[in-house]
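Participant: Attaching a single structure in structure tokens format; questions to follow.
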Amino acid sequence: MMSIEKNQLLAEIEDALTNCMKCGNCQEVCPIYKELKTESAVARGKIALMEAVLSGTIGITEGFDKKMGLCVSCKACTAKCPCGVKADELIVRGRQAAVQARGLHPIKRTVFSLLANRTLFDFGLRMAGMFGPLAFKKLPGRLAQIARFPMPGLDRKRVLAPFASTPLRSQHPEVVKKASAKMKVGFFTGCTINYIYTDIGNSVINVLQANDIDVVLPKLQHCCGTPVYLNGDVELAKLFAKHNIETFESYNLDYIIAACGSCTGAWKSEYVEMFHDDPAMKARAQALADKTYEISEFLVDVVKFRRDILGPVEANVTMHDPCHMARGIKVTSQPREILKSIPGLTFVEMKEPARCCGAGGSFSVAHYDLARKINDRKLEDIASTGATTVATGCGLCRMHITDGLVQHEQQQDVVHTVQLLDRAYQAGRK
């Protein structure tokens with residue numbers, strides 16, 4: 001009975017798998033294939049492996065599990081496919097089948113168990129913020145740190161961002177009010193902004209306030225669930241989704257915003273898909289999806305952000321488009337419109353702004369050397385622009401690109417687009 005259930009996950013997508021005509025177009029855009037040049041690295045190869053499981057040629061083995069995991073989830077294969085095959089979604093289904101057949105890897109199981117306990121997770125990251133300097137040394141001139149001594153699973157030279165001494169949601173009241181506010185917006189901070197890049201979160205709040213908006217930071221919000229979902233544990237991801245839906249429903253919000261493409265994508269599409277077999281929960285997820293926006297998308301398309309009070313920001317800026325923004329929620333023009341509206345700022349487009357930087361969520365943890373090779377190509381593109389600042393819309397991209405810049409002794413700063421807009425509003429007040 002159990003083996004039937006395992007294969008059923010793949011049997012449900014058999015028609016979608018057969019739509020792949022094995023043309024190999026995905027090889028042209030797959031960042032992993034460009035480095036490894038092996039068939040199993042690319043979407044076509046992974047689809048062939050899933051078809052082999054369905055035909056009984058191979059089983060769901062450790063090797064199958066590893067091949068499904070060798071993917072940065074950049075969605076480039078799906079965007080390139082002439083047949084419209086959503087290869088990224090099929091690969092996630094392959095991971096789901098592997099989890100059901102073999103269980104989660106012990107390390108992932110431990111991490112996800114911690115993540116599932118909101119109170120314990122919050123406590124652990126607060127402690128990391130307080131005592132992190134004992135284990136990590138801050139690098140001068142950057143929001144970055146390096147380990148003081150060897151640590152299991154962490155490359156000795158890898159540069160990370162420090163955990164915040166005080167999480168973002170603890171720095172503010174649950175409702176940050178603005179006199180004569182024209183709307184009330186819920187801010188889904190996500191984990192990275194709440195516990196690491198609080199400077200991004202503070203800029204989001206400042207910018208929304210500058211546009212006469214009340215900002216609500218629900219204290220009980222939790223991880224969006226995307227890391228769990230992409231690693232194949234759908235049931236745990238559904239628990240996160242249900243918790244967040246119930247939490248944000250209770251505030252009677254006009255809109256929900258996030259400052260991360262992956263978090264926004266979870267609200268806009270993943271939550272709806274997770275509850276495809278539960279009409280009531282799907283309807284609730286869809287109702288919130290319809291009023292969820294990435295911050296730059298919200299400022300440009302909904303708010304029509306104020307430009308009359310912007311001051312000058314002297315900077316030469318290029319833009320890195322996170323994969324889940326460019327090919328997931330398809331938000332690329334809005335951050336550029338924001339940057340180009342800032343007085344004094346010079347915008348320089350790089351050659352391949354939407355090329356994956358190699359972060360891939362936990363991918364860069366499990367496959368650091370490969371992630372660095374992918375990132376090196378991005379660094380070359382950045383250097384060719386002559387820009388002094390890299391703007392992006394993802395905290396993990398910011399961290400991974402910063403790591404590469406430090407390794408290559410490049411001096412560019414990496415910030416979120418909304419931070420530059422915040423600086424412009426501050427300059428306008430002087």
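The values are calculated or read from the model by the stated rules, or taken from the named source; none is laboratory data. Just so we're clear, the structure is a prediction, and the values are computed from it rather than from any experiment. Reconstructed Cβ throughout: ideal geometry from the backbone, glycine too, with neighbour counts over all protein chains shown. Side chains included, ligands, DNA and RNA excluded: accessible areas come from the protein's heavy atoms. Shrake-Rupley method; radii C 1.70, N 1.55, O 1.52, S 1.80 Å.
Participant: Using a simple charge model, +1 on the beta-carbon of Lys and Arg, -1 on the beta-carbon of Asp and Glu, nothing else, what dipole does the chain show about its Cα centre, in debye to the nearest 20?
Facilitator: 880
Participant: Same structure again: Using alpha-carbon pairs under 8 Å, 6+ residues apart, how would you state the relative contact order of the chain in percent? Mind dumping the intermediate values first?
Facilitator: Working: 719 pairs, mean separation 61.9, N = 430.
That works out to 14 percent.
Participant: Also, quick follow-up: I need to check one value: relative contact order of segment 280-430, counting alpha carbon pairs closer than 8 Å and at least 6 residues apart, in percent. Don't jump to the answer; show the numbers that get you there.
Facilitator: Numbers: 215 pairs, mean separation 44.4, N = 151.
Reported as a whole number, the value is 29 percent.
Participant: Okay, moving on. When N counts the residues of segment 285-430, how does its alpha-carbon radius of gyration compare numerically with 2.2 N^0.38 Å, as a ratio?
Facilitator: In units of the 2.2 N^0.38 Å rule of thumb, it is 1.08.
Participant: How would TYR251, TYR425 rank on accessible area, largest to smallest, probe 1.4 Å? Numbers along the way, then the final one.
Facilitator: Details: TYR251 55, TYR425 5 Å².
So, going from the largest accessible area down, we get TYR251, TYR425.
Participant: Now for a separate question. Mind checking the per residue accessible area of segment 342-391 for me, 1.4 Å probe, whole number of Å²? Walk me through the numbers before you get to the answer.
Facilitator: Values: 1990 Å² over 50 residues.
That works out to 40 Å² per residue.
Participant: In degrees from 0 to 90, rounded to the nearest 10, what is the angle of the helix 118-135 Cα long axis to the longest principal axis of the chain?
Facilitator: It is inclined by approximately 70 degrees.
Participant: Quick one: among LEU134, LEU143, LEU54, which has the greatest mean-square fluctuation in a GNM of the chain with alpha-carbon springs under 10 angstrom?
Facilitator: LEU134
Participant: Can you work out the FRET efficiency for the pair PHE131 and LYS178, with r the C-beta to C-beta distance and R0 = 35 Å, to the nearest 0.05? Could you put the intermediate results ahead of the total?
Facilitator: Values: r = 36 Å, r/R0 = 1.03.
That pair, PHE131 with LYS178, gives E of 0.45.
Participant: Expressed as a rounded percentage, what relative contact order does segment 119-190 have, with Cα pairs under 8 Å and six or more residues apart?
Facilitator: On the way: 54 pairs, mean separation 19.1, N = 72.
Relative contact order comes out at 26 percent.
Participant: Angle check, please: helix 395-407 long axis (alpha carbons) against the longest principal axis of the chain (alpha carbons), in degrees 0 to 90, nearest 10.
Facilitator: The answer is roughly 90 degrees.
Participant: Could you list log10 I(q)/I(0) for the chain at q = 0.08, 0.10 Å⁻¹, which the Debye formula gives when each Cα is one point scatterer?
Facilitator: The Cα Debye sum returns log10 ratios of -0.44, -0.70.
Participant: At a probe size of 1.4 Å, how large is the accessible area of TYR293, to the nearest 10 Å²?
Facilitator: Approximately 50 Å² of TYR293 is accessible to the 1.4 Å probe.
Participant: Okay, next question. Counting heavy atoms of the protein chains only and a 1.4 Å probe, report the per residue accessible area for segment 1-144 as a whole number of Å². Could you put the intermediate results ahead of the total?
Facilitator: On the way: 7610 Å² over 144 residues.
Roughly 53 Å² per residue, with all protein chains present.
Participant: In Å², what does the accessible area per residue of segment 187-290 work out to with a 1.4 Å probe?
Facilitator: Result: 31 Å² of accessible area for each residue.
Participant: What part of the accessible area of segment 229-373, given as a whole %, is carbon or sulfur when the probe is 1.4 angstrom? Write out the running numbers ahead of the final one.
Facilitator: Numbers: 2880 of 5740 Å².
Carbon plus sulfur share of accessible area: 50 percent.
Participant: Using the crude model of +1 on Lys and Arg Cβ and -1 on Asp and Glu Cβ, and no other charge, please compute the dipole size for segment 211-280 relative to its Cα centre, in debye to 20. Walk me through the intermediate numbers first.
Facilitator: Working: 4 positive and 11 negative charges, 38 e Å.
For segment 211-280, the charge dipole is close to 180 debye.
Participant: Tell me, what HN-Hα J-couplings in whole Hz come from the Karplus equation 6.51 cos²θ - 1.76 cosθ + 1.60 at θ = phi - 60° for each residue of segment 139-154, using x for Gly and Pro?
Facilitator: 3J(HN,Hα) across segment 139-154, in whole Hz: 8, x, x, 9, 7, 7, 8, 9, 5, 7, 8, x, 10, x, x, 10.
Participant: Which semi-axis lengths, in whole Å and largest first, follow from the square roots of five times the eigenvalues of the Cα gyration tensor of segment 389-430? If you can, show how the numbers build up before the last one.
Facilitator: Working: eigenvalues 116, 27, 5 Å².
They are 24, 12, 5 Å, listed largest first.
Participant: Within segment 287-336, report the GluC sites (Glu not before Pro) that DSSP leaves as loop and that have at most 14 other Cβ atoms within 10 Å. Present the calculation step by step, with values, prior to reporting the outcome.
Facilitator: On the way: sites: GLU294, GLU297, GLU314; in loops: GLU314.
Those that pass, being in a loop and sparsely packed, are GLU314.
Participant: Turning to a different aspect of this structure: So if I place +1 on the C-beta of Lys and Arg and -1 on the C-beta of Asp and Glu, and nothing else carries charge, what would the dipole magnitude of segment 276-369 be about its Cα centre? I want it in debye, nearest 20. Walk me through the numbers on the way to the answer.
Facilitator: Numbers: 12 positive and 13 negative charges, 43 e Å.
Its charge dipole is roughly 200 debye.
Participant: Another one. Which one of GLY311, ALA181, LEU90 has its Cα pushed farthest toward the positive end of the charge dipole of the chain, where Lys and Arg give +1 and Asp and Glu give -1 at the Cβ?
Facilitator: After comparing all options, I get GLY311.
Participant: Separation of segment 400-417 and segment 27-95 by C-alpha centroid, Å?
Facilitator: 30
Participant: Top to bottom by accessible area (1.4 Å), largest first, where do LYS22, LYS351 land? Don't jump to the answer; show the numbers that get you there.
Facilitator: Details: LYS22 70, LYS351 175 Å².
Largest accessible area first, the residues go LYS351, LYS22.
Participant: Can you compute log10 of I(q)/I(0) for segment 100-221 with the Debye formula, treating each Cα as one identical point scatterer, at q = 0.19 Å⁻¹?
Facilitator: -1.08
Participant: How many percent of the accessible area of segment 7-101 is carbon or sulfur, using a 1.4 Å probe? Write down the numbers at each step before the final one.
Facilitator: Numbers: 2010 of 4170 Å².
The computed percentage sits at 48.
Participant: Between ALA11 and ARG429, what FRET efficiency comes out of the Förster formula 1/(1 + (r/R0)^6) with R0 = 45 Å and r the beta carbon distance, rounded to 0.05? Let's see the in-between values first.
Facilitator: Values: r = 61 Å, r/R0 = 1.35.
After rounding to 0.05, the efficiency reads 0.15.
Participant: When the helix-only estimate is applied to the chain (DSSP H runs of n ≥ 4, each -39,500 (n - 2.57), divided by the residue count), what is the mean residue ellipticity at 222 nm, nearest 500 deg cm²/dmol? Spell out each step's value before the answer.
Facilitator: Details: 22 runs with 213 residues, N = 430.
It comes out at -14500 deg cm²/dmol, rounded to the nearest 500.
Participant: Of SER165, GLN419, VAL53, which is farthest towards the positive pole of the chain's charge dipole, taken about the Cα centre with +1 and -1 on the beta-carbons of Lys, Arg and Asp, Glu respectively?
Facilitator: Working it through, the farthest residue towards the positive pole turns out to be SER165.
Participant: Given the options ARG156, ARG336, ARG307, which has the most mean-square fluctuation in a GNM of the chain, springs set between C-alpha atoms less than 10 angstrom apart?
Facilitator: It is ARG156.
Participant: Still on this structure, please answer the following. Pull up the cross-link candidates among the lysines for LYS137, meaning alpha carbon to alpha carbon under 20 Å and not fewer than 8 places away within one chain.
Facilitator: LYS157
Participant: Just name one of PHE123, ILE32, LEU104: the one whose Cα is farthest towards the positive end of the charge dipole of segment 11-124 (beta-carbon charges, Lys/Arg +1, Asp/Glu -1).
Facilitator: PHE123
Participant: For each pair in LYS282/LYS330; LYS80/LYS340; LYS108/LYS304; LYS34/LYS282, compute the distance between the two Cα atoms and list the pairs where it is over 31 Å. Please list the in-between numbers first.
Facilitator: Numbers: LYS282/LYS330 22 Å; LYS80/LYS340 29 Å; LYS108/LYS304 42 Å; LYS34/LYS282 38 Å.
Result: LYS108/LYS304; LYS34/LYS282 exceed 31 Å.
Participant: How about segment 184-258: which trypsin sites (Lys or Arg not before Pro) there are in a DSSP loop, with at most 13 other Cβ atoms within 10 Å of their Cβ?
Facilitator: Values: sites: LYS184, LYS219, LYS238, LYS242; in loops: LYS219.
Sparse-neighbourhood loop trypsin sites (Lys or Arg not before Pro): LYS219.
Participant: In whole Å, what is the distance between the alpha-carbon centres of segment 182-218 and segment 105-173?
Facilitator: 21
Participant: On the full set of protein chains, 1.4 Å probe, figure out the accessible area of ARG169 and give it in Å² to the nearest 10.
Facilitator: In the full protein context, ARG169 sits at about 30 Å².
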